[in-house]
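The structure appears below as structure tokens.
The values are calculated or read from the model by the stated rules, or taken from the named source; none is laboratory data. Owing to the predicted nature of the structure, the values given are computational and were not obtained by experimental measurement. Heads up, the Cβs are rebuilt from the backbone with ideal geometry, glycines too, and the neighbour counts pull from every protein chain shown.
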Amino acid sequence: MTADDVEPVNWAQSEYAAHLSASQYAMALAAVGQYRRHVQGWWADGWDLLLTPTVAAPPLPIGGLYGEQGDGVEPANPMAPSIRAGRFVAFTPQFNASGQPAISLPFALERRWAADRRAARGAYGREDVLIRVASQIEAAAPWADRRPPA
């Protein structure tokens, strides 16, 4: 396999990882495990639901991760798509790493359909709480027949 076989960001990550030792990898896994335990403690303190924005900015246009100009990210940088994505999905990586259930819900006004969404996060194994909350929100403000603007 060569750099021509994969996207530049994947190749750059592979090159970076090739220089890490097994000990560094094990320490990184341990850090993620420690983070998950810390997050679990938050839920154990009595919280049932965490509501956050789903994304930090309106959705990007198709191709927006690759070649957006004037945003301070050098286009030739192979990590440019990840840097741009990190700015957009600022509210999700920490929950992806912790393995908590989450659900994205539309709370939008018609003119802001795509930009105004909220994500509810629940404790480990408590998808039932998220589904009940989503059901109550949909009953109060139905969205099944709504479509985003063209």
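Before we move on, is Glu68 surrounded by 12 or more Cβ atoms within 10 Å (Cβ to Cβ) and modelled with pLDDT under 85? Judged against the criteria, Glu68 is a match. Within region 86-115, the residues that satisfy the criterion of being at pLDDT 80 or above, surrounded by fewer than 16 Cβ atoms within 10 Å (Cβ to Cβ) and farther than 20 Å from Val32 by Cα are Arg87, Ser104.
Gln40 meets the conditions (1) out of contact with any Pro (no Cβ under 6 Å at 6 or more places or on another chain); (2) modelled with pLDDT under 90; (3) part of a loop (DSSP other than H, G, I, E, B) in every case but one. The failed one is (3).
I'm trying to understand the selection: among the residues of region 34-43, which are surrounded by 11 or more Cβ atoms within 10 Å (Cβ to Cβ) and not basic (Lys, Arg)? Across region 34-43, the qualifying residues are Tyr35, Val39, Gln40, Trp42, Trp43. Listed by first and then second residue, the pairs with beta-carbon distance under 7 Å, at least 6 apart or on different chains, first residue in region 130-150 and exposed (fewer than 12 other Cβ atoms within 10 Å of the Cβ) and at pLDDT 80 or above, second among the small types (Gly, Ala, Ser) and part of a loop (DSSP other than H, G, I, E, B), form an empty list.
Of the residues making up region 59-75, one or more are of a type in the set (Gly, Ala, Ser), in contact (Cβ under 8 Å) with a residue 12 or more places away in the chain and part of a loop (DSSP other than H, G, I, E, B). Filter region 18-29 down to the residues that are over 22 Å from the mean Cα position of the chain (by Cα) and surrounded by 10 or more Cβ atoms within 10 Å (Cβ to Cβ) and list them by number. Within region 18-29, Leu20, Gln24, Tyr25, Ala26, Met27 qualify.
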